[in-house]
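Here is the structure we will look at.
The values are calculated or read from the model by the stated rules, or taken from the named source; none is laboratory data. Keep in mind the model is a prediction, meaning the values are calculated, not measured. Glycine also receives a Cβ, built like all others from the backbone with ideal geometry; neighbour counts cover every protein chain displayed.
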């Protein structure tokens with residue numbers, strides 16, 4: 001049966017809706033929180049990617065979340081903008097208010113349906129839950145024709161009660177029914193059976209969009225989501241790089257490329273421009289400070305790398321021998337343009353465009369080019385990864401109140417090291433000297449002297465971005481203050497400078513997080 005949806009009209013039988021929750025479920029992961037400005041940048045990249053629905057946040061969670069959703073709704077065109085809300089009148093009304101400026105809007109409301117959640121968390125009887133579903137969906141329909149209802153922990157819900165709940169939601173006016181595997185518990189065969197069961201048993205289920213929302217606790221989020229499509233699901237929910245609560249969500253880029261690469265087994269149509277995938281992935285990594293693992297499917301730096309001689313020989317003769325998709329199809333450059341100290345601004349801008357940074361503001365390009373020239377004077381060979389680290393760091397620093405201006409350090413074998421640092425804080429240069437057991441420790445103490453704070457250092461890690469003695473060091477620093485945890489990253493051929501940049505990046509994120517701390521009750525645990 002064909003589905004006619006208020007936001008999409010009449011859907012083709014093979015049309016799949018991609019619902020991105022990077023800005024909501026993805027951002028809930030510890031350390032992945034974003035400022036309002038960062039959410040706007042990420043939302044614009046998701047719009048360029050072409051996702052159908054963008055869940056911008058949880059408006060009732062905090063004033064900052066409300067403002068972020070409101071700003072995304074006004075600034076971003078193309079996707080349907082969704083906001084999440086509990087099945088409570090105040091939440092629904094707050095969500096509707098935040099979405100007022102959206103060209104197309106969706107209210108996404110949810111309540112738990114598993115026996116465990118109803119008893120332990122909601123403390124509600126099943127009949128109370130059914131009545132709450134009816135009332136919340138009807139109220140949401142007063143504000144939006146496009147209403148999604150989610151059965152939190154659907155995968156562990158009694159099948160008979162799940163059918164009752166879904167039927168109640170459809171009768172109340174829900175146009176999308178989400179059946180999430182909230183805790184990543186189910187297997188593909190079980191998850192597919194749940195979708196088939198709903199379609200077979202619930203009146204009207206074939207006239208709404210059934211949605212898959214899977215978590216990756218057992219590493220099966222993508223497999224479960226694809227199984228749901230085979231059983232009649234029409235929407236997949238996920239996040240860029242698979243970020244999200246605990247082990248994360250379904251990786252949107254993996255769903256998109258599975259459909260594109262295997263039309264024989266997955267004969268579906270999606271609207272995304274897959275060439276924008278890598279750009280969105282790298283922007284998210286730059287904003288959050290978390291890189292994907294090298295062997296991550298589609299977007300990991302080794303996804304299209306070949307070291308074994310047999311593989312190299314095969315790829316040189318015919319790339320299809322070992323590559324099931326082209327690197328260009330997801331945004332990777334086909335070949336590497338080597339830059340050095342004699343390269344000019346034009347070549348640098350061309351490289352940025354090749355790497356997916358073509359729309360940077362001129363000021364950001366100028367700053368990145370200046371840093372590139374400094375790096376080229378110190379480093380014989382400049383790799384793509386060096387350029388990416390440099391540009392990502394420049395963009396990250398531009399968002400903060402604190403900027404590294406100058407650093408000098410003295411390391412002594414007796415442990416009495418010294419560092420003098422100048423930071424620009426809110427536009428004003430401040431200089432202090434710190435001492436410590438090693439130059440890095442001294443530099444961190446100097447930063448504390450310039451900008452006093454009580455955060456503790458929980459992680460300090462250094463990795464080389466590329467090969468060679470002159471390789472850039474990428475440093476990760478994790479700070480914790482009053483339960484708030486942030487990660488910062490920095491890159492430089494000088495390890496002490498790299499560490500200081502990472503510390504400043506983390507400190508900027510901590511400052512932003514102080515201003516938007518969200519104390520979520522257990523009821524805020526979502527689908």
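Scoring residue 43 on the criteria (1) closer than 20 Å to residue 400 by Cα; (2) crowded, with 21+ Cβ neighbours inside 10 Å; (3) modelled with pLDDT under 95 leaves a single failure, condition (3).
Let me confirm something: among 125, 151, 168, which residue is more than 17 Å from residue 84 (Cα to Cα), in contact with a helix residue (DSSP H, G or I) (Cβ under 9 Å, 6 or more places away or on another chain) and crowded, with 19+ Cβ neighbours inside 10 Å? After ruling out the rest, the residue left standing is 168. Looking across segment 3-20 at every residue that is touching a helix residue (DSSP H, G or I) at 6+ places or on another chain (Cβ under 9 Å) and part of a loop (DSSP other than H, G, I, E, B), the one that is modelled with the lowest pLDDT is identified as 3. Does residue 34 satisfy being under 25 Å from residue 241 (Cα atoms), in contact with a strand residue (DSSP E or B) (Cβ under 9 Å, 6 or more places away or on another chain) and not in a helix (DSSP H, G or I)? Considered against the rule, which asks whether it is under 25 Å from residue 241 (Cα atoms), in contact with a strand residue (DSSP E or B) (Cβ under 9 Å, 6 or more places away or on another chain) and not in a helix (DSSP H, G or I), residue 34 comes out as no. Of the numbered criteria (1) out of contact with any strand residue (DSSP E or B) (no Cβ under 9 Å at 6 or more places or on another chain); (2) crowded, with 22+ Cβ neighbours inside 10 Å, the one residue 244 fails is (1). Name the single residue that is nearest to residue 278 (Cα to Cα) among those in segment 319-333 being part of a loop (DSSP other than H, G, I, E, B) and in contact (Cβ under 8 Å) with a residue 12 or more places away in the chain. This residue is 331. Residue 101 passes every criterion in (1) surrounded by fewer than 22 Cβ atoms within 10 Å (Cβ to Cβ); (2) in a helix (DSSP H, G or I) apart from (2).
Looking at this structure, is residue 96 in a helix (DSSP H, G or I), over 13 Å from the mean Cα position of the chain (by Cα), in the same structural domain as residue 259 (by TED's automatic domain parsing) and buried (at least 23 other Cβ atoms within 10 Å of the Cβ)? For residue 96, the condition - in a helix (DSSP H, G or I), over 13 Å from the mean Cα position of the chain (by Cα), in the same structural domain as residue 259 (by TED's automatic domain parsing) and buried (at least 23 other Cβ atoms within 10 Å of the Cβ) - is not met.
Taking the condition under 17 Å from the mean Cα position of the chain (by Cα), under 30 Å from residue 477 (Cβ atoms) and either in the same structural domain as residue 238 (by TED's automatic domain parsing) or in a helix (DSSP H, G or I) (or both), does residue 297 pass? In short, no.
Highlighted here are the helices (runs of 4 or more DSSP H) found entirely within segment 175-263 that include at least 1 residues which are closer than 21 Å to residue 291 by Cβ: 221-230, 252-261.
In the condition set (1) at pLDDT 80 or above; (2) touching a helix residue (DSSP H, G or I) at 6+ places or on another chain (Cβ under 7 Å); (3) closer than 19 Å to residue 287 by Cβ, residue 493 is compliant with all but (3).
Anything in segment 70-90 that is under 16 Å from residue 7 (Cβ atoms) and assigned to a loop (DSSP other than H, G, I, E, B)? List them, or say none.
Those that are under 16 Å from residue 7 (Cβ atoms) and assigned to a loop (DSSP other than H, G, I, E, B): 76, 77, 78, 79.
The set of residues in segment 263-282 that are in contact with a strand residue (DSSP E or B) (Cβ under 6 Å, 6 or more places away or on another chain) and at pLDDT below 95 is empty. Confirm whether residue 3 is over 16 Å from the mean Cα position of the chain (by Cα) and buried (at least 21 other Cβ atoms within 10 Å of the Cβ). No: the conditions fail for residue 3.
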